[in-house]
Amino acid sequence: MTIRARIAPVADTVLPGFAFVAMLAALACVFLYVPNERMQGAVQRIFYFHVNAAWSAFFGFGLAALASALFLWRTDATYDRLARAAVEVGMLFCTMVLCTGPIWARPIWGTWWTWDPRLTMTVILWTIYAVYLVLRAMGEDDPQIARYAAVLAIVGVLDVPLIMVSVRLWRGIHPSVISAPAGQGGIQDARMIVALVVTLVAFTSLFLWLVWRRFEALRLEDELRALEDDVDALGGRAAVGGATP
Amino acid sequence: MTQPDRFWFLFSAYGAIWVLLALFLVHLGRRHRALERALDELRRRVGGDRSR
């Protein structure tokens, strides 16, 4: 039994249901359970989805880098498909981060956007993987393009640790909530931690389900293309055979 | 900034998330339908080849 055959029943049946329920629980936590933050008020509730969208994006790009490294090493198309699926879903979550961030920043900072190191590097990360997707769309079946894209996915992920340390390294204005030392900001209320963990579970399960769906679609596209080539070859042979007296 | 104004930002942010997710799911659905069409076309061709 292959790994895919073992994963498929869980990923096709359990995972979407679990992600749906977890997302409902996350929304209930964010809108009904957590208290309002003292300084920011209701708008702080954006934080729970914003942070977990960032986590999912980083997870996606990390997974894509790992799968790309395995693809370059083993030259197995399965890893290439996994990398492509992870980048596509990672880009979705990275776009969510770049949309929700400015909406939070407007009432809190008084501006939609500032070229803070963390914000700038997140835009760079988004651009790197947008280039990856453009390369894949242009290259389709070209193995050389697939290898270039794999290298880009590996290089691009180096931006993720930089984003994480950028707040402390370059003293930007982006708050450092998760990694803040004790007594210097961060989450104070236990209910906020519960909401953050529930949202983390919801986003991770949604991410895994979306990657699985995309991975399966890419696998089927490749199989279909191979079958079409086989049918074309058979058709050609039949035509040649039919023409022979 | 008043609390109702901040609620507007809160719901805009969550709205943006659901719109992006919906667009992605629509994109996945379209790719899936294209795949089904290609599969039907292949079936038709194979069926045609067999009848020949």
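The values are calculated or read from the model by the stated rules, or taken from the named source; none is laboratory data. Computed from a predicted model, the values in this text were never measured in an experiment. Here the Cβ positions follow ideal geometry from the backbone for every residue, glycine too, while neighbour counts run over all protein chains shown.
So, in the stretch A:27-36, how many residues would count as being of a type outside the set (A, V, I, L, M), more than 11 Å from every other protein chain (Cβ to nearest Cβ) and not in a loop (DSSP other than H, G, I, E, B)? Walk me through how you get there before you give the answer.
In the first step, residues of the stretch A:27-36 are kept if they are of a type outside the set (A, V, I, L, M); the result is A:29, A:31, A:33, A:35-36.
Narrowing the set further to residues that are more than 11 Å from every other protein chain (Cβ to nearest Cβ) leaves A:29, A:33, A:35.
Retained after the next criterion (residues that are not in a loop (DSSP other than H, G, I, E, B)): A:29, A:33.
Of the residues in the stretch A:27-36, 2 are of a type outside the set (A, V, I, L, M), more than 11 Å from every other protein chain (Cβ to nearest Cβ) and not in a loop (DSSP other than H, G, I, E, B).
Residue-by-condition table, conditions (1) exposed (fewer than 14 other Cβ atoms within 10 Å of the Cβ); (2) part of a loop (DSSP other than H, G, I, E, B); (3) under 16 Å from the mean Cα position of the chain (by Cα):
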| residue | (1), (2), (3) |
| --- | --- |
| A:E88 | no, no, yes |
| A:G101 | no, no, no |
| A:T114 | no, yes, no |
| A:W126 | no, no, yes |
| A:A130 | no, no, yes |
| A:D141 | yes, yes, no |
| A:R147 | no, no, no |
| A:V167 | no, no, no |
| A:R191 | yes, no, no |
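Within the stretch B:42-52, can one find any residue that is of a type in the set (S, T, N, Q), modelled with pLDDT under 95 and closer than 20 Å to A:E228 by Cα? Steps first, answer last, please.
Kept after step one, since they are of a type in the set (S, T, N, Q), are these residues of the stretch B:42-52: B:51.
Add one more test, that the residue is modelled with pLDDT under 95, and what stays is B:51.
Cutting the leftovers down to closer than 20 Å to A:E228 by Cα gives us B:51.
Within the stretch B:42-52 (the criterion being of a type in the set (S, T, N, Q), modelled with pLDDT under 95 and closer than 20 Å to A:E228 by Cα), the answer is yes, since at least one residue qualifies.
Name the single residue, out of those in the stretch A:13-30 being surrounded by 14 or more Cβ atoms within 10 Å (Cβ to Cβ) and not aliphatic (A, V, I, L, M), that is farthest from the chain's Cα centre (by Cα). Walk me through how you get there before you give the answer.
Of all residues in the stretch A:13-30, those surrounded by 14 or more Cβ atoms within 10 Å (Cβ to Cβ) come to A:15-16, A:18-20, A:22-23, A:25-27, A:29-30.
Imposing the further condition that a residue be not aliphatic (A, V, I, L, M) reduces the set to A:16, A:18, A:20, A:29.
Numbers: A:P16: 17, A:F18: 18, A:F20: 18, A:C29: 23 Å.
This residue is A:C29.
Taking into account only those residues within the stretch A:86-111 that are more than 11 Å from chain B (Cβ to nearest Cβ) and not polar (S, T, N, Q), which is nearest to B:R6 (Cα to Cα)?
A:W109
Take the residues of the stretch A:56-85 that are over 19 Å from A:D116 (Cβ atoms) and within 14 Å of chain B (Cβ to nearest Cβ): which is nearest to the chain's Cα centre (by Cα)?
A:G60
Name the single residue, out of those in the stretch B:5-20 being within 7 Å of chain A (Cβ to nearest Cβ) and among the aliphatic types (A, V, I, L, M), that is farthest from A:C94 (Cα to Cα).
Restricting to residues being within 7 Å of chain A (Cβ to nearest Cβ) and among the aliphatic types (A, V, I, L, M), the top hit is B:L10.
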